[in-house]
Amino acid sequence: MSDPLAPLVGGVTGIGSVPGTDPREAAATVVGELEVPFLPELPNRGIGADMIGRSAGLLVDIGFDVSTTGYRIGVPDGRVARLAGDYLERDLDAFEEAYEVARRRGSGTVKAQVAGPLTLAAGLELPNGHRVARDRGAMRDIVASLAEGLVRHVADLRRRCGADVVLQLDEPSMWAVVHGTVPALTKLDPVRAVPAIEAAELLAAVVDAVRDAGAPVLVHLCGRVVWDVVRRVPVDGAFVDVTRIAAADYEGFGELVESRPVIGLGVAPTVPGRRSPADLAAPALRVYDEIGLPRRDLTRATVTPVCGLADSPGIRPILDACKEIRTVLAEASVE
């Protein structure tokens, strides 16, 4: 039986969002350019296509719509829920078609990505306008609903492509949930911090459900990282923007590199410039050197863009930069 993570080790992939609004063009590009293509997200289409709306559309038996301040759950048969479902269905159809046209059906690994439960809890509103993160019972409901929806999503993508599926959970709001900085409805009623142990249990419940369904799970740490949460969750790896790693992150990142099979390094900028591949690879080399990680470990790193690719003028130059950076890291690993 093949290892679905193997193509990611020492490889290149994207984070999720891409510029433009055409799902067929986006799918054809990532399938044609990458050994591990990802199901593209096109947030420039508007409401229902961004990270929170797309992920809310995967919730089972929890309807939603928009309010004046964001996405609100507890709305049966919401218009935006239908719109988000339509967007996702079109994206899946386009991806399946591109995979078929490329004659890749029945083989390989594909990646899907959605907002994790902590980020959804921070981004979704309850019917009373408060954030889900304010209500522990509502958070558990989101976890159970998301886990069921993701198991179905992974099975659908696996069936469509005949490929192994790896799931990426985006958690940019992890820090806000654990440190109690999720925006509150009023200043007099703040959203209490969720202890790291509890936050890890919520995230782990989703991870366990997806892994039990046969799909490895990665976490995308695209904001400030709570390493005490990360080390407690049984993910198969993580994607980290190494251009933002500070000395305070070194211990947690070092543990991650030493304990997980997949480590993604976000280094390629979202806007092409005149910097050489060696300059772009420098932050990764610096972090490994300063932590004391052997450079030979760079041979298994997955190279990705940093966040924000939806605002890029084009995806191909960014993916090309990732491939060039991967070559630089591979060469540096044997110096």
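Taking amide H as placed 1.01 Å from N in the peptide plane, the amide H of Glu41 sits under 5 Å from that of Ser17, Val18, each at least 5 places away or on another chain.
For segment 251-333, the solvent-accessible area with a 1.4 angstrom probe is 44 square angstrom per residue. Annotation: amide H of Leu124 within the under-5 Å range of Val132, sequence separation 5 or more or interchain, hydrogens built in the peptide plane.
With contacts taken as Cα pairs under 8 Å and at least 6 residues apart, segment 101-232 reaches a relative contact order of 32 percent. Rounded, prolate or oblate: which fits segment 108-149 when a ≥ b ≥ c are the square roots of the eigenvalues of the alpha-carbon gyration tensor, with rounded for a/c under 1.5 and prolate only if a/b beats b/c? Prolate, since a/c reaches 1.5 and a/b exceeds b/c. Over segment 31-185, the ratio between the Cα radius of gyration and 2.2 N^0.38 Å evaluates to 1.07.
Ranked by the mean number of other Cβ atoms within 10 Å per residue, highest first, peptides 122-135, 6-19 order as 6-19, 122-135. Counting 0.36 nm for each residue step from Arg274 to Ile197 and taking away their Cα separation leaves a gain of 23.3 nm. Across segment 247-327, C-alpha contacts under 8 Å between residues 6 or more apart give a mean separation that, scaled by the residue count, equals a relative contact order of 41 percent. Between rounded, prolate and oblate, where does segment 93-176 land on the alpha carbon gyration tensor, with a ≥ b ≥ c its root eigenvalues, rounded for a/c under 1.5, else prolate if a/b exceeds b/c? Cα axes put segment 93-176 in the prolate bin.
Shape class for the chain: oblate, because the ratio a/c of the largest to smallest gyration tensor axis (alpha-carbon atoms, square roots of eigenvalues) is 1.5 or more and b/c is at least a/b. Ranked by the mean number of other Cβ atoms within 10 Å of their residues, highest first, the peptides 31-37, 299-305 fall in the order 299-305, 31-37. If you average the C-alpha positions of segment 269-335 and of segment 24-70 separately, how far apart do those two centres end up, in angstrom? Result: 26 Å between the Cα centres. Close amide-amide hydrogen proximity is noted between His220 and Leu169, Asp170, Glu171, Phe239, each under 5 Å apart and 5 or more residues distant or on a separate chain (H modeled in the peptide plane; Pro and chain starts excluded).
For Val177, the shell of other residues with beta-carbons less than 12 Å away shows a net charge of +3, using +1 for Lys and Arg and -1 for Asp and Glu.
Across all Cα atoms of segment 1-71, the radius of gyration (one decimal) and Dmax (whole number) stand at 15.3, 50 Å. The mean sequence distance of close C-alpha pairs (under 8 Å, at least 6 residues apart), as a share of the length of the chain, puts its relative contact order at 19 percent.
Once the 1.4 Å probe is applied to the protein heavy atoms, segment 4-83 comes out at 38 Å² accessible per residue. Among beta bridges from DSSP that stay inside the chain, the antiparallel ones total about 10%. When peptides 172-179, 256-263, 215-222 are sorted by average Cβ neighbour count within 10 Å, with the highest value leading, the order is 215-222, 172-179, 256-263. Take the Cα of Asp311, step 7 Å toward its Cβ, do the same at Asn44, and the gap between the two points is 1.3 nm. Expressed as a whole percent, the accessible surface of the chain that belongs to carbon and sulfur atoms is 51, based on a 1.4 Å probe.
The residue among Gly46, Gly85, Val182 whose Cα reaches farthest toward the positive pole of the charge dipole of the chain, with charges on the beta-carbon of Lys, Arg, Asp and Glu, is Gly46.
The values are calculated or read from the model by the stated rules, or taken from the named source; none is laboratory data. Nothing here was measured: the structure is a model prediction, and the numbers come from that model. Every residue, glycine as well, gets a Cβ built from its backbone with ideal geometry; the counts of neighbours run over all protein chains shown. We work out accessible area using only protein heavy atoms, side chains counted, and drop any ligands, DNA or RNA first. Shrake-Rupley method; radii C 1.70, N 1.55, O 1.52, S 1.80 Å.
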